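The values are calculated or read from the model by the stated rules, or taken from the named source; none is laboratory data. Keep in mind the model is a prediction, meaning the values are calculated, not measured. Cβ: placed from backbone, ideal geometry, glycine included. Neighbour counts: every protein chain shown.
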Amino acid sequence: MSKQEQYINYKSNLEHSDYHDLMNIHFNTEVFADVIDFIDLAFPKWRTHEGLGIFAPEFLKEIIESFQYSTDENETSKEKLEHLYSEITYSYIDKEYWNKDWTFKLINKKIELDHDEELYDLERDGNIPSVDYVAFIKILQEKYMEEYHPIIPYNFDEYEYPNEGDFI
């Protein structure tokens, strides 16, 4: 299977199961609203690929389910919210780092697919020094990041199936 076929296969197999579960089970709950409100305030870019991007549904589902199973009946509402907000903050930082690494890998794969012949010719012919080759790749990475980062792949305000174009 070619690299392009693997990539197309990857994109077509996005199941969005965490998003479906989240929106069908937790959408109208108080904890869902509290989590969304807090994340919107604390991490304004969380919905975009610069924040959590395609990992946002997984993140929200894990936070909400963890909160539901770990709440102590003796805690006050304020204590429960403090616990929830600190868990969100700690988990967000970890998930955002993981998403950035994943996004970088996908962008490099997209560059490789979109510019495969061009890059091969540059390497094969030796027409470009390695320093310039690295600079060329960095320019392409920045271009793709600039285009890709502001995209919001999932709508958490209402249940809406994501657009294919919202993913690398």
- Query: Got a number for residues in the range 17-74 being polar (S, T, N, Q) and touching a residue at least 24 places away in the same chain (Cβ under 8 Å)?
  - Reply: 4
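Regarding Lys61, is this residue farther than 12 Å from Asn155 by Cα, at pLDDT 90 or above and not in a helix (DSSP H, G or I)? Show your work before the answer.
Numbers: farther than 12 Å from Asn155 by Cα: yes; at pLDDT 90 or above: yes; not in a helix (DSSP H, G or I): no.
Answer is no for this residue.
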- Among residues belonging to the range 64-86 that are assigned to a helix (DSSP H, G or I) and at pLDDT below 85, point out the one that is farthest from the chain's Cα centre (by Cα). Ser77
- Sole residue being among the hydroxyl-bearing types (Ser, Thr, Tyr), surrounded by 16 or more Cβ atoms within 10 Å (Cβ to Cβ) and at pLDDT 85 or above, chosen from Tyr7, Tyr19: Tyr19
- Here are Thr48, Thr89: which of them is of a type in the set (S, T, N, Q) and within 26 Å of Glu142 (Cβ to Cβ)? Thr48
- Note on the structure: Given (1) polar (S, T, N, Q); (2) surrounded by 12 or more Cβ atoms within 10 Å (Cβ to Cβ); (3) at pLDDT below 85, Ser91 misses just (3)
- Search result, residues across the range 77-120 that are among the hydroxyl-bearing types (Ser, Thr, Tyr) and more than 19 Å from Tyr133 (Cα to Cα): Ser77, Tyr85, Ser86, Thr89, Tyr90, Ser91, Tyr92, Tyr97, Thr103
